[in-house]
Amino acid sequence: MAAISADPTDPTTAPTRTATRTARSRAVPVVPVLVLVVVGLWAVVPGLFTHQDPFVGDPALQFLPPSVQHVFGTDQLGRDVFARVVHGTRPAVLTALFAVGIGFLVGSLTGLVAGFFGGVLDAVLGRFIDVVLAVPSFLLAVIVVVSLGFETVNAAIAVGSSSIAVFARVIRSETLKVKNLPFVESSYLVGGNRFQVLFQHVLPSAYRSVVALAVLQFGVAILNISGLAFLGYGSPPPAADWGLQVADGKDFLYRYPWLVYAPGLVMVATVVSLNKLSRSVGRGR
């Protein structure tokens, strides 16, 4: 019996194809989620994945290539690179979370106030946002961390400060679209004041697009914090920060490439997975 195939030109099949494409576009990517789950477990319970000391090495085990005993090899001090990558996940993740939290809270409040109240306040805050966006975020982070001092917390403040304008612009745009909608205007008619309307109606409708941006900025924060650590603006040695590991291994790149590739590939996999997840969250709104 011959198989019956749907006619692609049949208009009755169009809704089905559209629904299928929509479901696929909203599906959560499996591989990026698995990568992020592993990275999250590394940050929370690193002892489950390695029992090696990330700070103390054996000089007799210098520059061992990747093997069963040392998955990512060993470094110039005989330390297990896999253990250092795993234990370096926690400072990278926590610092990036702190940085995104700063940008999210301050930037969202700035954009929300500017978009909702408008007028002179919007003009002043809008020009401030434009000026900050004109400066490259990493350069701004370097300026801030040099002013505050070379510490991990200061690096988080620096990276978070550089992302404030990005969050502010997005939520300002969403606020401008929401504040004139009928349900917002009707809330004034039932006796709501401006602050009630702002926090009870405008904010819940405007923040959703910022969630996808926050996921994306989390990856950007990891890159910027690792970049600051690479330049020496983070925790000093023997810290296991990913950027610091790349900086320590760059002098041995041609003979012992795993010193750079191991933390570098983990960093890239984490950031790419966050990028994919951000797209999925943005399409699913």
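The values are calculated or read from the model by the stated rules, or taken from the named source; none is laboratory data. Computed from a prediction, not measured in an experiment: that's the story for all the values here. Ideal geometry is used to build each Cβ from the backbone, glycine not excepted, and the neighbour counts take in all protein chains shown.
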_Suppose we keep only residues that are loosely packed, with under 11 Cβ neighbours inside 10 Å and not hydrophobic (A, V, I, L, M, F, W, C) within the stretch 126-151. Which one would you say is modelled with the lowest pLDDT?_
G149
*Here are some residues: L121, L140, L148. Which one is among the hydrophobic types (A, V, I, L, M, F, W, C) and closer than 25 Å to F199 by Cα?*
L121
*Is at least one residue of the stretch 81-89 within 18 Å of the chain's Cα centre (by Cα), modelled with pLDDT of 90 or more and either part of a helix (DSSP H, G or I) or more than 14 Å from A214 (Cα to Cα) (or both)?*
yes
_Tally of residues being of a type in the set (D, E, K, R) and surrounded by 24 or more Cβ atoms within 10 Å (Cβ to Cβ) across the stretch 111-125_ = 0
*asked:* Take D251 and tell me if it is crowded, with 18+ Cβ neighbours inside 10 Å, closer than 30 Å to G57 by Cα and out of contact with any Phe, Trp or Tyr (no Cβ under 7 Å at 6 or more places or on another chain).
replied: no
*S67 is checked against (1) in contact with a Gly (Cβ under 8 Å, 6 or more places away or on another chain); (2) at positive phi and fails just one. What number does that condition carry?*
(2)
*Within the stretch 62-110, considering residues that are in contact with a strand residue (DSSP E or B) (Cβ under 7 Å, 6 or more places away or on another chain) and in contact (Cβ under 8 Å) with a residue 40 or more places away in the chain, the one surrounded by the fewest Cβ atoms within 10 Å (Cβ to Cβ)*: F63
*asked:* Let me spell it out: the conditions are (1) surrounded by fewer than 18 Cβ atoms within 10 Å (Cβ to Cβ); (2) modelled with pLDDT of 75 or more; (3) not acidic (D, E), and L189 meets all of them except one. Which number is the exception?
replied: (2)
